[in-house]
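One structure below.
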Amino acid sequence: MAILTCREQNFIIRPFRPGDAPAARRLIETVWREHFHDHPDPFVRDFMYSRLSDLENTETLYVDRALFLCAIAENEIIGTGAIKRCDDRECEMVRMFVGPAYRGRGIARAISDRLISFARRAGYERIRLSSNNALTASHRLYERMGFQPTGPWDPGGEGYSRYYVLRI
């Protein structure tokens, strides 16, 4: 897969590489702490920390009609996003994070566009995603991209997250 270069914004988007896990984990944890370090519910506060094992296993988890991307600027991972396979017709957009200093530059949109194109080429009919209720800027982006609200697929998840689907 070719690297997508956004020279006017001074970042590139490329597939996750061996060795990216520590930097990707730091980015994701930094963004999670930014939003949820003081959250009164320990489930929300600690949610992400117990769910990052996929970063250590990208070679096996993101192979079958799946893709993990990193946005890079100044030799640092500044954004991430991935498509993982749910079944033959549906995939899930996950790991959408952009570092605080890099927001508002089109990075999340560029990653999302690339992931949607990949999902379409991979033959999926739908992309689903969930996003914590507090991440309203993310919700606006997903809605502008055509994602529609849908019911939760996680039991009880509606108390914490919004659920979306995009038919492609």
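The values are calculated or read from the model by the stated rules, or taken from the named source; none is laboratory data. Predicted model, so just to flag it, every value in this text is computed and none were measured. Don't worry about glycine lacking a Cβ; one is built from the backbone with ideal geometry, like all the others, and counts go over all protein chains shown. Keep in mind that these areas ignore ligands, DNA and RNA; they rest on the heavy atoms of the full protein, side chains included. Shrake-Rupley method; radii C 1.70, N 1.55, O 1.52, S 1.80 Å.
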### Summary
Out of (1) more than 16 Å from the chain's Cα centre (by Cα); (2) touching a residue at least 60 places away in the same chain (Cβ under 8 Å), the one Arg45 does not meet is (2)
### Message
Filter the range 138-166 down to the residues that are surrounded by fewer than 11 Cβ atoms within 10 Å (Cβ to Cβ) and modelled with pLDDT of 90 or more and list them by number.
### Response
Arg140, Arg144, Gly151
### Query
Given the residues Arg95, Arg114, Arg85, Arg105, which is the only one that is at pLDDT 95 or above, open to solvent by 30 Å² or more (accessible area, probe 1.4 Å), out of contact with any Lys or Arg (no Cβ under 8 Å at 6 or more places or on another chain) and basic (Lys, Arg)?
Arg114
## Note on the structure
Residue pairs within 8 Å by beta carbon, gap of at least six or interchain, first lying in the range 134-145 and over 12 Å from Arg109 (Cα atoms), second among the hydrophobic types (A, V, I, L, M, F, W, C), listed first then second, are Ala134/Phe36
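Among the residues of the range 51-59, is there at least one that is open to solvent by less than 80 Å² (accessible area, probe 1.4 Å) and touching a Gly at 6+ places or on another chain (Cβ under 9 Å)?
No: the range 51-59 contains no residue that is open to solvent by less than 80 Å² (accessible area, probe 1.4 Å) and touching a Gly at 6+ places or on another chain (Cβ under 9 Å).
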